[in-house]
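Contents: one structure, followed by commentary.
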Amino acid sequence: QTRSLLGVFEEDAAAISNYINQLFQAMHRIYDAQNELSAATHLTSKLLKEYEKQRFPLGGDDEVMTSTLQQFAKVIDELSSCHAVLSTQLADAMMFPITQFKERDLKEILTLKEVFQIASNDHDAAITRYSRLSKRRENEKIKAEVTEDVYTSRKKQHQTMMHYFCALNTLQYKKKISLLEPLLGYMQAQISFFKMGSENLTEQLEEFLTNIGTSVQNVRREMDCEVENMQQTIEDLEVASDPLYLPDPDPTKFPAHRNLTRKAGYLNARNKTGLVSSSWERQFYFTQGGNLMSQARGDVAGGLVMDIDNCSVMAVDCEDRRYCFQITSFDGKKSSILQAESKKDYEEWICTINNISKQIYLSENPEEIAARVNQSALEAVTPSPSFQQRHESMRPAVQSRPPAARTSSTGSLGSDSAALSALSLDSLVAPDTPIQFDIISPVSEDLPGQAKSSGQSGRRTNPFGESGGSKPETEDSILHQLFIVRFLGSMEVKSDESPDVVYETMRQILAARAIHNVFRMTESHLLVTCDCLKLIDPQTQVTRLRFPLPNVVLYATHQENKRLFGFVLRTSGGRVESHQTSICYIFESNNEGEKICDSVGLAKQIAFHAELDRKASEKQKEIDRVKEKQQKELNKQKQIEKDLEEQSRLIAASSRSNQSSTEGQFVVLSSSQSEDSDLGEDGKKKRESE
């Protein structure tokens, strides 16, 4: 809260600095213009006085002109003197206050900010060195040096912080003075300038300026009083906070509270970076109901670390660090090792989590009930040599927990619908629409109308996400980008034409999660290809859901939280048969959602160009087929013509052969007749017999 409030004050100081710089430039232009006017007036008077010394070839001694110009020179010289006085007054009354505020007060804020940042970094470095202290006795000298370093850095940070905060508070008063004093000086200088010409015009302005001057004096006195009070508060806090600078205070003076059901503070969390290596990260942790939350510096809100209902907590020996404890979830699948800063925080965290794990916070008098179970919390403080033994002894009985896969938000959203605009509900989101908070579809379950339309409804799906010897459908895809996402929820929407649909769906799903206390999120790998979007199980690599890319008609990121993004999927079927429905899916990513949206847009562009190329190829193939058909028809026609010509030649040849044979028969017959006439009767008989 302090850093958030400091951010607001620093943002206000930056806005003041920006505005004052612009105002300073404007006033400096007035001052420069006044100086230029004064110099120009003086130069004009000087030139008029030197007129009589000029010798013009065509001009004679004109005493009237000379005396007239001398009179003008005298008047203008008096005006020049008045302008010079006005320039001096503007420099003293207008430019000096705003220059002092700009060069002294605003730079002081920047200097204190840098000093505070350096002190904060030194404190963080000292805390890190202190956290790495060994428990061996031979390091007592090093421990004393590191403890003194933490004391010095923490004291320096606190003192620097208080002076920085004092300067930020004082800036609010100095802002008023820096705005009013230059304007007051400017108006007084102008009035004194115009008083030489008209005394009656300044009476009302003088009364107004007198009131402004009185107000400035009142603000100055109030500022002095506030600065005195803040200085006294700083002195009191320095005296009262001196024992708190020690990182590990004396337990006898500051005993641990064992009946707490809420706790907040900084802890070091161990993160595994390899099989045997690990790193520690310092974050702010706090309990919220039955959940352990963490919030990194600069984050807007905290994130869920673990559900600590029915969990087990124990003190553990962790490497060479002190004050370590381990929290294990009720099912034993998730655990986290944390390190407290002091023994007091160490015991309070263990007792608080132990009380919350027994759901004491749900009772009417949690502190009284926590006092009864204090003995078990004290036992948890003792380190256990065996994690498995401690976990089995403190693990609660197996309870049947209702699945939180699908939760309908119809009732809650309906009760809060009066607070929403009718336009956003009726035109964007379908009424009485349930919200799905988890992915319940197995790998064999496809989207409505997806498997049947592909003609593979009867094909058996491999439960291991493989397709035997067949080639994966995304193997030939140009684009393959993988993102880690967490599924927040999905719901049916009425429109898919505006990003407001995604924003409204995000708002309703986040509100429904808060109302129903739904904190679990399913983590998946989102694979973006040129054909589809796939949600893949990170453990088994099984495809949970598949979204065809042509059906993704809209995608957008949250306007403020860039880690939230969603897309609208248009599918066939739904609550009304033979009707297209639109479902909006909302996710949270580790990276910026804009990168995922850019990847989806790139995939759609690649798919669009691929579709254009495919259509162009099909069109070219169709043209080639038409040309080939035309060529075949032409070849067939030529073959027919060739056959006809061949038949014509055969007919002509046959006719010629018939004609020649007829002529031959005629010649033989004639010769035989002539022979017969020569042979006589005996010859004819012999020939006939032959």
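Model label points for LYS195 and ARG656, set 7 angstrom from Cα along the Cα-to-Cβ axis, are 14.1 nm apart. One decimal place: the segment PHE286-SER617 gains 113.0 nm when fully extended, by the rule 0.36 nm per residue minus the C-alpha distance. Here ASN635 and ALA610 are evaluated by their C-beta separation; at R0 = 30 Å the FRET efficiency comes out at 0.25.
In a fully extended conformation the segment linking SER572 and LYS334 would gain 81.7 nm over its present Cα-Cα distance, using 0.36 nm per residue. With all protein chains kept in place, the per residue accessible area of the stretch 480-609 amounts to 46 square angstrom at a probe of 1.4 angstrom. Take 597-606, 563-572 and order them by the average number of nearby Cβ atoms within 10 Å per residue, most first; the result is 563-572, 597-606. The Cα center of the stretch 95-115 and the Cα center of the stretch 10-84 differ in position by 33 Å. Between GLU238 and SER279, the FRET efficiency estimated from the beta carbon spacing at R0 = 30 angstrom works out to 0.25. The peptide list 265-277, 142-154, put in order of mean Cβ contacts within 10 Å with the highest first, becomes 142-154, 265-277. Here the simple spin-label model places points 7 Å from the Cα toward Cβ, and for THR44 and ARG297 these points are separated by 6.2 nm. In a fully extended conformation the segment linking GLN159 and ARG29 would gain 42.7 nm over its present Cα-Cα distance, using 0.36 nm per residue.
Heavy-atom surface analysis with a 1.4 Å probe gives the stretch 480-609 a carbon and sulfur content of 49 percent of its accessible area. Given axes a ≥ b ≥ c from the Cα gyration tensor, I'd like to know whether the stretch 1-145 is rounded (a/c under 1.5), prolate (a/b larger than b/c) or oblate. It comes out prolate by the Cα gyration axes. Accessible area per residue for the stretch 264-364, computed on protein heavy atoms with a 1.4 Å probe, is 43 Å². Measuring nothing but protein heavy atoms, the accessible surface of the stretch 264-364 at 1.4 Å probe radius is 47 percent carbon and sulfur.
Per-residue surface analysis assigns ASP12 an accessible area of about 50 Å², computed on protein heavy atoms at 1.4 Å probe radius. By the compact-protein rule of thumb, 2.2 N^0.38 Å, the alpha-carbon radius of gyration of the stretch 526-647 corresponds to a ratio of 1.86. Work out the FRET efficiency for ASN271 and SER215 from their Cβ-Cβ distance, taking R0 = 51 Å, and round it to the nearest 0.05. Efficiency computed from Cβ-Cβ geometry: 0.30. Taking every alpha-carbon pair under 8 Å whose residues sit at least 6 apart, the stretch 264-364 reaches a relative contact order of 23 percent. When the C-alpha to C-alpha distance is required to be over 31 Å, the pairs from LYS272/LYS358; LYS135/LYS156; LYS604/LYS632; LYS113/LYS562 that qualify are LYS604/LYS632. Accessible surface ranking for THR111, THR252, 1.4 angstrom probe, highest first: THR252, THR111. Summed over the residues of the stretch 59-172 and divided among them, the accessible surface reaches 57 Å² per residue at a probe radius of 1.4 Å.
Approximating the spin labels as points 7 Å out from Cα along Cα→Cβ, the LEU246-to-ASN18 distance works out to 4.7 nm.
The values are calculated or read from the model by the stated rules, or taken from the named source; none is laboratory data. Since this is a predicted model, take the numbers as computed values, not measurements. Cβ atoms come from the backbone with ideal geometry, glycine included; neighbour counts cover every protein chain shown. Protein only, heavy atoms only, side chains kept; ligands, DNA and RNA dropped before computing areas. Shrake-Rupley method; radii C 1.70, N 1.55, O 1.52, S 1.80 Å.
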